[in-house]
Amino acid sequence: MKGKGLILTFAIALGILSIYYLSFTWYTNIIESKADRELVQRMDSLDSAAPDLSFVERESYQNTFKNSIISRLASDTLDLGVVRYDYNSAKEKEMALGLDLKGGMNVILQISVRDLIEDFSDHSASPALKDILDRTDEAQKSSNADYINDFFAQYDKYKAEKESNLLLASPDLFGNRKNAELISINSTDNEVKEILDKHITDKINTAFQVIRARIDQFGVTQPNVQKVGEAGSGRILVELPGVKDTDRVKNLLQSTAKLEFWEALRLDEQLSNYATNLSQRLMNPQDSAAQSNSLISKLIPSQTNATFFVQLKDTAEVNKAFSSKLGKELLPAGLKNVKFLWGNKTFRNRGGQETDFLPLYAIKGNARNMALLDGGAVTDASAETLTQTFGNDIMVSMQMNSNGGREWYEITKKYQNKPIAIVLDNLVYSAPNINEPISGGRSSISGDFTMAEAQDLASVLSAGSLPASAKIIQVDVVGPSLGKQSIQNGIFSFLIALVIVFAYMIFFYNQAGIISVIGLIVNILFLLGILVAFGATLTLPGIAGIVLTIGMAVDANVIVYERIKEEMAKGKSLRPSVDIAYTWKGALSAIIDANITTLITAIVLFYFGNGPIKGFAVTLIIGVFTTFFTSVLLCMYFIYRRLENGGNIKLGNKWSLNFLKNTNLDFFKFKKISYIISGTLVIISLISLFTRGLNLGIEFQNGREYKVRFNQPIQSNEIASDLAKVFIDEEGNSYQPNVVSIGAGTSNQVKITTKYKSNDDSQEVDQEIEEKIYEGLKSYFTDLNFDQFVNVGESKEGAYGLIEYRKVGPSIADDITYNSFYSLAIALSLVFLYLILSFKRWQFSAGAVLATMHDSLIVLGLFSLLHGFVPFSLEIDVAFIAAILTVIGYSLNDSVIVFDRIREFLKEFPSMSLKDLINKAINTTLTRTLNTSMTTLFVILVILILGGETIRSFMFALAVGVGVGTYSSVFVASYLFYDLMDKKNKK
C-alpha cells in the first residue's frame, strides 16, 4: 500500500490537534460542574436562612454567588507540561454551543436604509423623494432585492410615469451642500447611484462595527455578530448564547444612541397661550363634558425645566394634539422651530416615590433647526455614583474630543443661566441649568438611572451611535433550562445510537466491523475537534449532522466490504479482492459520487441557511471530508497493515456472509405495482397539499411564537379559550392564537402562535403580547409575577413559564420562503449537472432527480396529512427545509450506488439486455442498500424517540425520507432510468 506513512502521520497530527482543542471544553466543564455543585449548597443555605426572598432578590444572590465561585476556581491553572491554560482562556476557546443547546438569544437586526437615504439627502423635504421612498417601502413587501436596488428601480419608474427631468444630482435629492465634494450639478444618475450605493454600504459597515462594539462591552461569552445577505441588505445577525435579560439586550441593540443637546424652553406666557389656544380649537363647544376632558386639563404646568407633566394614560392624546396639522399651524412665529419631546422616565416626587406623570419638554435648536451639538463629539463614557449626594445618585459621565469640547464651551457660554436638554433617541434624559461655561469637554447625564441602565447607556455612547435606526425583524429566545434539557436529550440519544451502530457493524462484519468502529470513533473525534478549531457552533441539528455523518461513514465501509465479498465470491483471494475494492472501478467511484452529491446539498444549505441550519450544514460539510479520510483511507491503512503482517480479516460470520448472497430477484416484476404505489402516494400527497395545506411555521408567514411550560398537565383547547379573551385589539377585533400541546399524552407544555399585530416589529408590541399571554394564563401561575413568568420562574417542579420565544417579521418571512425554494431548486440543478458529468448519460441524472422529487413530495404530503393527528408538531420551518435537503442527499446517494453498478455493468456486460443488467445491479447492491438504510434508520429512530421534542419533527422527516429514499432507489429511480432509455439501448 502506497502512502501509508502519510496517512498515519496525518491521522496522528489531526488527532493530537483535535484532543488539544477539545481539552478546553473538558476543562471548563470540570470547573463549571464544581461551581454548580457548590452553588446548589449555597442556595440551599440561603433558602433556609431567608425563605421569604423575592424572585429578583434570589436571582441576584444566585448570580453573585456563581460569579464569586467561578472567579475563585478560575484562578487555578491547568498545567500539562506542553499545554498550560486557566479557566478564562479555556472559556474563550471551548466548543461554542447554539441557542438550542445552551439557551440564549438569536436576533436579526434591520438597519433602516431609508433613514440612510434621507440622511444622504440632508433630510430633503422634496415630495418626489418622499413619494419614491414610500413606493420603495411598498415594493419591499413583495421583493427580495435590497432596499437600495428597489429605490433605484422606483426612481426610474417615477421618472417614466411623471415624464420628469428629475435627476439624482438635483438639489431636491442628493446634490446638496453636504455632498458638494461627491456630487456636482453635472453628475449623471449612474454616477450618483454608484456614490449612493457605496455610501449605504459604508454606513451599514459602520452600524455593524457599532453593534459589535456594544456586544463586546455587554460581557457575553462567545457572542456571534455577522452581516447577513448582500452588502447592502442592512441585516445583522447577533447570537448571544446563555443571555437571560432579553429586554436589556433588545434595548441595547435597537438604540441608535443618537445623543443631542438642545435648548429647553421653560413654561412661559407664549407656550401657555399656545397650549390654551390649541385646546380650545380642538374642543367641541357643543359638548359640555369636553370642558373637563380638554387638552389643557391634561397638561399640568411644570415648576421645573420641563414644560408640562402629563399622566401616562393621556400621553397618546397629547401626542396626537401637538403633532396634528392644526397643532403645527397654531404655533406662533417665535415657536416655529419648537418640538415637544417626552422625558425618559416618569417623575418622582420629593419623597422619591415614582408617580404616573411623564415630563414633556419643549426644545429648540439652532437657526437651521438642528441640535446645538450631537453625540459624535463623545469619545468616552462611564457610569458613576455620586456618593456625596443623598441617595447615591447614578449618572453617566462623558468626555468629548477637542473640537466638541470647544463647541460645548461656546454653547454653555451662550446659554448660561438657561436649561439645556440632553436628548438620547428622542427622549429627554435631563435638562440641567447651565450655571457657568463648561470647559475641558467633560459633561454628565443624570436621569434617575439604575446602575445597569447607566452602564448600558455608557456602553452605547462609547461604542458610538448607529447611523440609522435599527429594528428587530427576527428573534429567537430559548430559556437556559430548555437548552440544558435539549443537550441532555441530544447527547443521550446520540450515545445510544452510537452503541447500536457499533454493535451492528461488529455483529455483521466481525473483525472488519471492529476496524469500522475504530474509524467511526476517530471520525467523531476529528469532526468535533475541527468544529472547535474553526470556531463553528454546534447546534441540535448539528448533532443530527453528526449522526448523518455516522451513516455516511457506515455506508462507505459497507460499500468496500461488500465489494471485497463480491470479488472473493468470484474466486479471488482476500488480498487481490481488497486491492480491487480500493480502486475507482471497485468501491471508490460509488463512495466519491455519493459524498459529492451530499456535499453539494450541504454547501447550498450553508449558503442559504442561518442559525441552527447553518450549523447543521457546517457539520455535514466537515463530516464529508472526515468520513472519507477515516472510513476509506484510515480503515484501508488498518486493513493493509494487518494483511502485510500476515493476519487475516474476517468480513462476517456464517449468517452474515451468506446474507442475500446470490440473490437473483426479478425486480421488473414489481415495476407496475411500484408505479401504482408511487403514483397513488404522489396523488394523495398533492390532494392533501391542495386541500389541507401545510402547517407553516412563522418563518414562512411571519408572526410570533411562544412556548410555555406549566407545573401541571393542561388541555390546549382550554388554554386557547383563555387567551382568546385577552387577544383583542383597540378596535375590538379578536385574534385567537393557535395553541398546540407539545409532547405525547398528557402534556404540560404548549406552543402559542399568534398573528396579533404581526406587521408591527416594535418592542412595544412584543411587550404587549407577553403581557396578554400572562394575563390570560396567570390563573395557572399563581406564584409567579409577570417578570418571573417571562424570565422562566423556578419551582420545586423545575423551571416553568415562558421558556422560548420567536418572532419573524414580514420582510424576513418573505426572504426565508424565497431562499427555501431557491435552495431546493439550486441543489437539484447542481446535482443534476454533476450526475450528467459523472455518468455521461442524462437518463441517469433524470432518473435520480425525478426519484428525489418523488421522495420530497411524499414527505411533504405526509406532513400535510398527519399534522394535528400525531403527538408532536409537524410544522414546516427552516429545520424542515434542512431535513428535505438531507433527504435529497440520502435519496441521491442510494440511487447513485445502484447507478454506479449499472454504469460498471454496461462496460462489463455489453451484450446483456438493459433489463437484466439493471436487475443484476440491484441484486448485487441489495446488501449495501439494506445495511446502510437499517443502520441509518436505527440512529434516526433512537433520536426521534429519545432526542427530545425540539428535534422530533426534524427527525421524523428524516425517518420518512430515508425509508422512502431506500424504496425509490430500487423501485423508482431504476425503472425511470430504464423507461427514459431509447429502444436501441434497452436491447
* Structure fact -> The answer for the longest stretch of the chain without any exposed chymotrypsin sites (Phe, Trp or Tyr not before Pro) (DSSP loop, at most 14 further Cβ atoms within 10 Å) is 1-389
* **Length added when fully stretched, residue 764-residue 655, from 0.36 nm per residue minus Cα-Cα** => 32.5 nm
* **Neighbour cut-off at most 13 other Cβ (10 Å), DSSP loop, trypsin sites (Lys or Arg not before Pro), segment 522-603** => 570
* Name the trypsin sites (Lys or Arg not before Pro) in segment 640-718 that are in a loop by DSSP and that have at most 12 other C-beta atoms within 10 Å, would you? -> 661
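Expressed as a whole percentage, what fraction of the accessible surface of segment 509-637 belongs to carbon and sulfur atoms when a 1.4 Å probe is rolled over the protein heavy atoms?
Details: 2750 of 3680 Å².
Heavy-atom surface of segment 509-637 belonging to carbon and sulfur, 1.4 Å probe: 75 percent.
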* Answer with one residue from 366, 497, 337: the one whose Cα lies farthest towards the positive end of the charge dipole of the chain, charges on Cβ with Lys, Arg +1 and Asp, Glu -1. => 497
* Dipole of segment 107-252 (Lys/Arg Cβ +1, Asp/Glu Cβ -1, origin at the Cα centre): which of 252, 164, 234 lies farthest to the positive side? -> 252
* Asked: Share of segment 645-685's accessible area from carbon and sulfur, percent, 1.4 Å?
  -> 62 percent
* Please state, to two decimals, what the Cα-based radius of gyration of segment 527-631 comes to when divided by 2.2 N^0.38 Å (N = residues). => 1.26
* Asked: Taking a 20 Å limit on the Cα-Cα distance, which of the listed pairs 570/661; 565/671; 650/907; 34/91 fall beyond it?
  -> 565/671; 650/907
* Structure fact -> Taking max minus min of the Cα coordinates of segment 580-724 on each principal axis, largest first, gives extents in Å of 76, 42, 36
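Taking 8 Å as the Cα distance limit and 6 or more residues as the minimum spacing, I'd like the relative contact order of the chain as a percentage. Walk me through the numbers on the way to the answer.
Numbers: 1587 pairs, mean separation 127.2, N = 987.
Result for the chain is 13 percent.
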* Asked: Percent antiparallel among DSSP beta bridges with both residues in the chain, to the nearest 5?
  -> 95 percent
* **Charged-residue dipole, Cβ positions (Lys, Arg, Asp, Glu), the chain about Cα centre, Debye nearest 20** => 4040 debye
* Measuring from centroid to centroid over Cα atoms, what is the spacing of segment 559-609 and segment 712-783 in Å? -> 53 Å
* Asked: Gain in length, residue 909 to residue 625, computed as 0.36 nm per residue apart minus the alpha-carbon separation, to one decimal in nm?
  -> 98.9 nm
* For segment 317-383, state which trypsin sites (Lys or Arg not before Pro) are in a DSSP loop and have at most 11 other beta carbons lying within 10 Å of their beta carbon. => 336, 350, 368
* **Area accessible to solvent at residue 860, 1.4 Å probe radius, in Å²** => 50 Å²
* Dipole-positive endmost among 859, 195, 777 within the chain (Cβ charges, Cα centre) -> 859
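Divide by every residue of the chain the summed helix terms, -39500 (n - 2.57) for each DSSP H run of at least 4, and state the resulting mean residue ellipticity at 222 nm, rounded to the nearest 500 deg cm²/dmol.
Estimated from H runs of four or more residues: -18500 deg cm²/dmol.
Want the number for residue 514 to residue 161: 0.36 nm per residue separation, take away the alpha-carbon distance, what's left?
119.6 nm
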* Asked: Can you give the Kirkwood hydrodynamic radius for the chain, in Å, rounded to one decimal and based on Cα pairs?
  -> 32.7 Å
* Asked: With all protein chains present, how much of the accessible area of segment 107-252 (probe radius 1.4 Å) comes from carbon and sulfur, to the nearest whole percent?
  -> 45 percent
* **Mean accessible surface per residue for the chain, computed with a 1.4 Å probe while every protein chain stays in place, in Å²** => 45 Å²
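The values are calculated or read from the model by the stated rules, or taken from the named source; none is laboratory data. Since the model is a prediction, treat every value here as computed from it, not as a measurement. Every residue, glycine as well, gets a Cβ built from its backbone with ideal geometry; the counts of neighbours run over all protein chains shown. Note: areas computed on protein heavy atoms with side chains; ligands, DNA, RNA excluded. Shrake-Rupley method; radii C 1.70, N 1.55, O 1.52, S 1.80 Å.
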